[in-house]
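J.: The structure follows.
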Amino acid sequence: MDSKLDTFPVMGYNEFMTTLERIRVEARSLPLDEREALLAVLDFDLRSDQSSPEYASDPDVEAEWDIEIEKRLAEVQSGKVELLSQDGFISVFDEARGEFRQRTA
């Protein structure tokens, strides 16, 4: 039985790496906070992928989120809450992460 590896010409390890392996190596070289952000983005992408049955949305949960989104939008439009800029969000997020790490250290 021939292996898929038998069909590849002899080449160096870096040339032979799969896309997944290259991404993994690059991701491991990122600073911790960037790896955490990447993980969150990938997890979100997986959970929102409607073609994947194991991550398919529950219609009841989706309905609850629709209600929450409408509530939050109304709060923003009425001025009850204020949106943060990207820099403002990063600042608040970094501060919260620092506090969390201090509590869990």
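The values are calculated or read from the model by the stated rules, or taken from the named source; none is laboratory data. This one's a predicted model, so the numbers in the text were calculated from it and none came from an experiment. So basically every Cβ, Gly included, is an ideal-geometry build from the backbone, and we count neighbours across all protein chains shown.
J.: I'm checking my understanding of the structure. Among residues of segment 21-51 that are more than 20 Å from residue 100 (Cβ to Cβ) and of a type in the set (Gly, Ala, Ser), which one is surrounded by the fewest Cβ atoms within 10 Å (Cβ to Cβ)?
T.: To start, the set of residues in segment 21-51 that are more than 20 Å from residue 100 (Cβ to Cβ) comprises 21-29, 42, 45-51.
Cutting the leftovers down to of a type in the set (Gly, Ala, Ser) gives us 27, 29, 48, 51.
Numbers: 27: 13, 29: 9, 48: 10, 51: 6.
Here the answer is 51.
J.: Quick one: what pairs do we get from segment 81-105, first residue free of Cβ contacts under 8 Å to residues at least 40 places away in the same chain and farther than 17 Å from residue 34 by Cβ, second acidic (Asp, Glu) and not in a loop (DSSP other than H, G, I, E, B), C-beta under 9 Å, 6+ apart or different chains?
T.: 81/75
J.: Which residue pairs have Cβ atoms under 7 Å apart, sit 6 or more places apart or on different chains, and have a first residue in segment 23-51 that is closer than 17 Å to residue 61 by Cβ and a second that is at pLDDT below 90 and not in a helix (DSSP H, G or I)?
T.: 46/52; 50/56
J.: Also: Assigned to a loop (DSSP other than H, G, I, E, B), modelled with pLDDT of 85 or more and over 15 Å from the mean Cα position of the chain (by Cα) - does that describe any residue in segment 20-30?
T.: Here is the first cut: in segment 20-30, the residues assigned to a loop (DSSP other than H, G, I, E, B) are 29-30.
Still in the list and also modelled with pLDDT of 85 or more: 29-30.
With the extra rule that they be over 15 Å from the mean Cα position of the chain (by Cα), the set shrinks to 29.
Within segment 20-30, one or more residues are assigned to a loop (DSSP other than H, G, I, E, B), modelled with pLDDT of 85 or more and over 15 Å from the mean Cα position of the chain (by Cα).
J.: If a residue must be exposed (fewer than 10 other Cβ atoms within 10 Å of the Cβ), within 15 Å of residue 44 (Cβ to Cβ) and modelled with pLDDT under 80, how many such residues does segment 57-73 contain?
T.: 0
J.: Of (1) assigned to a helix (DSSP H, G or I); (2) of a type outside the set (Phe, Trp, Tyr); (3) at pLDDT 70 or above, residue 54 satisfies all except one. Which?
T.: Residue 54 satisfies every listed condition except (3).
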